[in-house]
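Only one structure is covered here, and it is reproduced in the block below.
Throughout, read-outs are computed from the coordinates displayed, never taken from laboratory work. These numbers come from a predicted model, not from an experiment. Here the Cβ positions follow ideal geometry from the backbone for every residue, glycine too, while neighbour counts run over all protein chains shown.
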Amino acid sequence: MLRTRLWMGAVLIGLAAVLLLEDRWFDPWYPVLFVTYLGAVCLATRELLRLLPVDVRPSEWLTVGFTLFVGTANWWSAAGNLRLDTWHLIGGAVVAGTGGAFLLEMARFRGPNQLTLKIALTAFTLVYLGVLPSFLAQLRWLPGDRSTVALALAVFVPKCNDIGAYFTGKFLTGRVLGRTPMTPLLSPKKTWQGAAGGMLASVAVAVGVQATWPVIPGGWVGAVAFGLAVGLAGILGDLAESLLKRDLQTKDASQSVPGFGGVLDVVDSLLFAAPVVYVWFTIGAAT
């Protein structure tokens, strides 16, 4: 298991590095990011839907279709200076998808059949796997030369938190400090010692990047705070997915990514970390 996790992790890091370095030559369309982003959104959405009980599962074609529509809306700004703001289009896509779910269930209605839950779960999926990843995509269009570094930070800070927590909790603190469960019911393997190691890894990545490319608002103090905030958001994103899986009584979203589970298991921490990075670079840079 550990060997599989290590080689698969190395492959994912390599793919992320290639994506960040190569795709910047295709400004403002970023086709490699577009294909990768929509592919991950599609797979993660299908995994989430398959976790849900059949009697409350929303329409797959409608939910996946509108989630991809939300994702595609992020590339609206690449078409030029258009009147409709990208975030307005993203919000409109969520509203349209929710409305579509209402219309579909109206057409299918033959009596009470958990329809309210299906519509609510459609809206939830559009926000969870449509809106939250949009903050990651929107980092690509930050003004100036900060976009590549901001996008890299949004990926590597929470993922290095995962790695730091895994090795600290499993190998470094077991015999010395013991293992104190952090959330025994949500994620039994997570420990406070591991979380501390993960947070240190997040800060180290943020400070290291700031030393090479000083783009994080707030200087060195800002880099430390950034690492703590994004690292914590990544942990919460991981726990949020664990909450869904525990409630739905499953261990992994799927087995599509060896050593990690499913695509949803890989991107869960990014879903909560990306909005923090986006706000940090937009509001922080404006102050």
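By the count of neighbouring beta-carbon atoms within 10 Å, fewest first, F281, F109 end up ordered F109, F281. Here the 3J(HN,Hα) profile of segment 120-129, calculated from phi with Karplus coefficients 6.51, -1.76 and 1.60 at θ = phi - 60°, is 5, 5, 5, 4, 4, 5, 5, 6, 5, 10 Hz, Gly and Pro shown as x.
Relative contact order, whole percent, for segment 2-286 stands at 20, derived from Cα pairs under 8 Å and 6 or more residues apart. Residue exposure proxy: I90, I163, I13, ordered by other Cβ atoms within 10 angstrom of their Cβ from fewest to most, comes out as I13, I163, I90.
Comparing R57, R108, R24 in a Gaussian network model of the chain (Cα springs below 10 Å), the most mobile by mean-square fluctuation is R108. For the listed peptides 121-130, 210-219, 136-145, 264-273, a ranking on the average number of other beta carbons within 10 Å per residue, highest first, reads 264-273, 121-130, 136-145, 210-219. Shown is the FRET efficiency for H88 and D55, computed with R0 = 35 Å from the Cβ-Cβ distance and rounded to the nearest 0.05: 0.50. Annotation note: trypsin sites (Lys or Arg not before Pro) in segment 141-248 located in DSSP loop regions with a Cβ neighbour count of at most 11 within 10 Å are R175. You can think of it this way: the chain between R24 and K251 has 78.0 nm of extra reach, that is 0.36 nm per residue less the Cα-Cα gap.
Report which label in [x] 19.9; [y] 21.5; [z] 22.8 holds the value of Kirkwood radius over Cα pairs in Å derived from the coordinates of this structure. Matching the structure shown: [x].
Computed over segment 188-287, relative contact order equals 27 percent, with contacts defined as Cα pairs under 8 Å that lie 6+ residues apart.
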